[in-house]
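This report concerns only the one structure given below.
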Amino acid sequence: MRCLLAILMVFVMSAVCQAELRILGEESPPGEYLDENGNPAGVTIDLVKDLLRRQGITATISILPWKRAYHMGLHEKKVVLLETTRTEEREDLFKWVGPILVLNRVIYSMADYDGMLKKTEDIKHVKKICVLRGSSNETYLKALGLTNINPVGKPSQCLKMLQSRRVQLFYTSEIGMDGLLTEQNMAPDSVKAIFNLKKEYLYLAFSKDISELQIMNWQATLEDSKRDGTLANIYQGVYSEETIKEVCLPGDPLARGDGSPKLDNWLNDASDDQ
């Protein structure tokens, strides 16, 4: 009996070790979204599929509300979160591979908005500013001491609330806004950028149970994709040449020579109003 139990345990442990990764993203075109058939699509999805192919591994890919996906990344095993902002608060919660994208976080209004916003302090006097619930954007606005935040489950909800004047401002990325406007068939000049709040790098965030060897393999595979032009080809025509060029630079811009993250200086530099 003991021998049989031991054999069963070996099989169970083997199955656990070989379980597929679960790759989770949110609705965030053009990076990831559900196509007309309900399947995950977008340039980030294409990139991840190529990285999986190069490593000879498989994974399930799902699009979920961000708050749910983030909770799974924190509390479940073999989870990878797409396009995740690497912040000081999150640094020790995940293992990181990237960057896979660089972007500016921007305060937007409708084009006809006549409010005067010249600095971060002015946001406190606006009735409502919309933001994705559970995102680093929401965390950042709260850290600024704002109490007029309106968090929602999907970025598209923020854009619709902006249109209907239920909120006056929307805090998101330039790339995210471009994708939303295309998705909602809205003209680019229907909204306007008030000012940039900060610059950020996006990563693949792996749950803590993933081995260091796996992380090294993923990072090396991503570097290969940058070096041989595959990443640039995937992003071509979707992101600007400047963005693609910066993303394709080798190495991790948030790392020091000793391999630990250089988050403090980066956060201070990136938080300056422009």
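Values as computed for the structure displayed
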{"read-out": "Residue-by-residue Karplus 3J(HN,Hα) for the stretch 54-67, coefficients 6.51, -1.76, 1.60, Hz, glycine and proline x", "value": "4, 8, x, 10, 10, 7, 8, 10, 9, 10, 10, x, 4, 4"}
{"read-out": "Residue order, fewest to most beta carbons within 10 Å, for M177, M216", "value": "M216, M177"}
{"read-out": "Efficiency of FRET from Cβ geometry, E89 and Q163, R₀ 35 Å, rounded to 0.05", "value": "0.65"}
{"read-out": "Theoretical FRET efficiency, 1/(1+(r/R0)^6), r = Cβ-Cβ of T58 and T147, R0 41 Å, to 0.05", "value": "0.35"}
{"read-out": "Estimated FRET transfer efficiency when R0 is 25 angstrom, pair T182-K128 (beta carbons, to 0.05)", "value": "0.50"}
{"read-out": "Dipole moment magnitude, nearest 20 debye, the chain about Cα centre, only Lys, Arg, Asp, Glu C-beta charged", "value": "880"}
{"read-out": "Residues whose placed amide H lies under 5 Å from that of I63, excluding near-sequence neighbours", "value": "G25"}
{"read-out": "Karplus (6.51, -1.76, 1.60) ³J(HN,Hα), θ = phi - 60°, over the stretch 230-246, in Hz, Gly and Pro reported as x", "value": "5, 4, 4, 5, 5, 7, 4, x, 9, 10, 5, 4, 5, 5, 4, 4, 5"}
{"read-out": "Projected label distance in nm at D189 and C248, using a 7 Å step from Cα toward the beta-carbon", "value": "3.2"}
{"read-out": "Cross-link table K77/K192; K154/K192; K124/K154; K128/K226; K128/K245, entries beyond 30 Å C-alpha to C-alpha", "value": "K77/K192; K128/K226; K128/K245"}
{"read-out": "Extension gain, K77 back to D35 (0.36 nm per residue minus Cα-Cα distance, nm)", "value": "12.4 nm"}
{"read-out": "Computed over the chain, Cα set: Rg, Dmax in Å", "value": "20.1, 78"}
{"read-out": "Unit charges on C-beta of K, R, D, E only; dipole of the stretch 104-199, Debye", "value": "380"}
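A short reminder: the numbers here are calculations on the coordinates, not readings from a lab. In this text, all values refer to a predicted model and were calculated from it rather than measured experimentally. All Cβ positions, even for glycine, are placed from backbone atoms using ideal geometry, and neighbour counts span all protein chains on display.
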